[in-house]
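Everything below concerns the one structure shown next.
The values are calculated or read from the model by the stated rules, or taken from the named source; none is laboratory data. Since the model is a prediction, treat every value here as computed from it, not as a measurement. As a convention, Cβ positions derive from the backbone with ideal geometry for all residues, glycine included, and neighbour counts pool all protein chains shown. Surface accessibility is based on the protein's heavy atoms, side chains included, excluding ligands, DNA and RNA. Shrake-Rupley method; radii C 1.70, N 1.55, O 1.52, S 1.80 Å.
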Amino acid sequence: MRKKLDVEGIFGNGKILGTIGSTGDITQIFWPEIDFPSHIIKTKVGIANNFSTSWLSSTGWKNEISYLPGSNVIQIISRKKGIRVKRNVFALADEDTIVIKVEVENKSSKSSNFKLEFYSDFSIMDCPRANAIYYDSTSQSMISYKRDYFFALGANANMDTYSCIRADKHKELGLRMRAKSTAESTYAIGDVAGYLCWNLGDVNPGDIGQASIFICCGNSLEEVQSKLEEKKKLDNQKVLENNIEETISFLSKTTIPKVDENRRKLFERSVLAIRLLCDRKGGILAAPEFDADFSFSRGYGYVYVRDGVYAAYALDCAAQHNLSRKFYEWLIKSLNPLGFLYPRYWTAGLIGSHSDILQIDGTAIFLWGLKEHIAFTEDNDFLNGNWERVKLAADYLSELVNENKLLAPSIDIWEERTGIHAYTTASVYAGLKAASEMALIVEDNDKQDIWSFTSDRLREGFNENFWDREEGTFARSLFSDEYIKDCTADISLLGVSIPFQMIPPNNKKMLKTIAKLEKVLKSETGGIFRFENDDYFGGNPWTLTTLWLAWYKLEIGREEEAEKLIDWCIRSKNNLDLLPEQIREKIWKKESAIPLTWSHALYIITTLKLEEK
């Protein structure tokens, strides 16, 4: 069983998604889709000179990780007595290639010969079996492969030594010892790894030795060898600058709010982080995976429909309509013949693992989000061209409303309880209301009347059954055939108003409900828990729940309260301006997934709405 993977930052290009750990090493590489398969177990970068040899992740090195401003290039500064190493890690925008640009500065008073080391433990297709690796002396590169997955690893520097290693043998030895004991071994099969060492030459005090390491991905040996030879001839600095310019061009098309620098930086990073989590086929990941064995969670490296729609809505708010359009095209293709969307998918459009109990809100929020997208883009042709598929989803939801004006039992938003839930009810109301409005656009009057009538009945059923007079609050759920109310404080009750508008935010009953939620769910430092007695990952305040409440506060005109909630989330970001799912308050440490797409989406939405106010 694996431990939680170390994820501090991400890089990629829509086909590649890489994760960087807290010491600056690459901990995962996904390709040719950003969720599957993963191909790396471990990488390490090392530096050797006349006086010492060590991995940059080892004791004695201080590593500072950040993004270069306005880009998705990760920069790692590593310092040790007499040496400063700068790494820039990124994926080329339009090619399946990862670049690690390395500069080694001699900070000592003596000249020294420097060597650059790279250790890579490929587990291609996320499996240690049947891997192969060999050293190609002609290109001075390491080739890792299995079936039609090929990876060529090399650098534009002089080769010093190399080794192909069985990673599952000699485990009592350190990585470097393993490499030295098998020096110039040219081939290995099974659970394998590779070691490469390049000589950067003599570096005088104050001077810099440099090289770029390339990892080229492809479906044939010839393809990756050709790519690597092309990349080794390129100007290192120009490659980096072109990558930064491409991202700056992308941001120039984004609506950036006029806010203070800290808020603007997190806003830009939120847009860029969501972009990295958008697969080129259209799917939007909930987060990069950190728990592939489901040891601590149900997994995060999937397209969760709900999370993706919030992200698409945020992208629309920020004027990045192309990414949101691709997502809605992807969702429309993913609808099953009944008009139903499963809770989560692989980016390839295949169904992800899920409970056998009905989960409705994904299909509903798809309709709500699509209507918002059409309103932003005014592209009625897109709606007309896909109307038959959209109609399937609305008809499916309409049939779920029973004679009591309530929904059938389903799984709740947190995927923990079965019942008739307030959030799910509100999402279906909003989905049907959105469908009826879209029916007007395409002049489908019969469907417009049916869906509008059904959504109104659902709202009536909610008002008749969910208000608890004794508690003075809306219930989060109804259970059993007797519709027993569960009035546990749950932040998902916000969805009744925000974003679904089934009950107006300033409604007296809604205000009373939110007052109770704040009293029970606000943490000592000002963050918001999901629900009373939540014990997931020990029970912590979440960034998305805190931003969700901020969105509500902005809708009822309480801007100062909203700002405090937003500021709590700004404090929660890591050094790369990425938001985690949760914060362990006592030690102020990120917990669970990072970056969480839903959190970054709500930050974009609330920041833009705050500027409007």
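Assorted remarks:
- Residue within the range 114-123 that is open to solvent by 30 Å² or more (accessible area, probe 1.4 Å), within 29 Å of Ser78 (Cβ to Cβ) and touching a Leu at 6+ places or on another chain (Cβ under 8 Å) present: yes
- Filter pass, Tyr302 being at pLDDT 95 or above, open to solvent by 10 Å² or more (accessible area, probe 1.4 Å), within 10 Å of the chain's Cα centre (by Cα) and closer than 23 Å to Ile360 by Cβ: yes
- Cross-chain or 6+ apart pairs with Cβ under 9 Å, the range 372-385 first and more than 14 Å from Ala435 (Cα to Cα) and free of Cβ contacts under 8 Å to residues at least 60 places away in the same chain, then open to solvent by 40 Å² or more (accessible area, probe 1.4 Å) and not in a helix (DSSP H, G or I): none
- Screening Leu341, Leu323 for residues that are open to solvent by 30 Å² or more (accessible area, probe 1.4 Å), of a type in the set (A, V, I, L, M) and in contact with a helix residue (DSSP H, G or I) (Cβ under 6 Å, 6 or more places away or on another chain) leaves exactly one candidate, Leu323.
- Of the residues Leu370, Leu358, Leu407, the single one that is open to solvent by 20 Å² or more (accessible area, probe 1.4 Å) and not polar (S, T, N, Q) is Leu358.
- Where Met510 falls short, out of the listed (1) more than 22 Å from Pro580 (Cβ to Cβ); (2) crowded, with 21+ Cβ neighbours inside 10 Å; (3) in contact with a Lys or Arg (Cβ under 9 Å, 6 or more places away or on another chain): (3)
- Check on Lys522, closer than 28 Å to Ile65 by Cα, surrounded by fewer than 21 Cβ atoms within 10 Å (Cβ to Cβ) and not hydroxyl-bearing (Ser, Thr, Tyr): no
To keep it simple, each residue is scored yes or no on (1) within 25 Å of Ala188 (Cα to Cα); (2) outside any strand (DSSP E or B); (3) in contact with a Gly (Cβ under 8 Å, 6 or more places away or on another chain).
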{"site": "Thr43", "(1), (2), (3)": "yes, no, no"}
{"site": "Phe51", "(1), (2), (3)": "no, yes, yes"}
{"site": "Ile65", "(1), (2), (3)": "no, no, yes"}
{"site": "Ser71", "(1), (2), (3)": "no, yes, no"}
{"site": "Ile76", "(1), (2), (3)": "no, no, yes"}
{"site": "Ser108", "(1), (2), (3)": "no, yes, yes"}
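- Test set (1) modelled with pLDDT under 95; (2) open to solvent by less than 70 Å² (accessible area, probe 1.4 Å); (3) of a type in the set (A, V, I, L, M, F, W, C) - Leu200 fails condition number: (1)
- Within the range 559-599, restricting attention to residues that are of a type in the set (A, V, I, L, M) and touching a residue at least 60 places away in the same chain (Cβ under 8 Å), the residue that is farthest from Asp293 (Cα to Cα) is Ile566.
- Among the residues of the range 80-113, those that are open to solvent by less than 10 Å² (accessible area, probe 1.4 Å) and among the basic types (Lys, Arg) comprise Arg87, Lys101.
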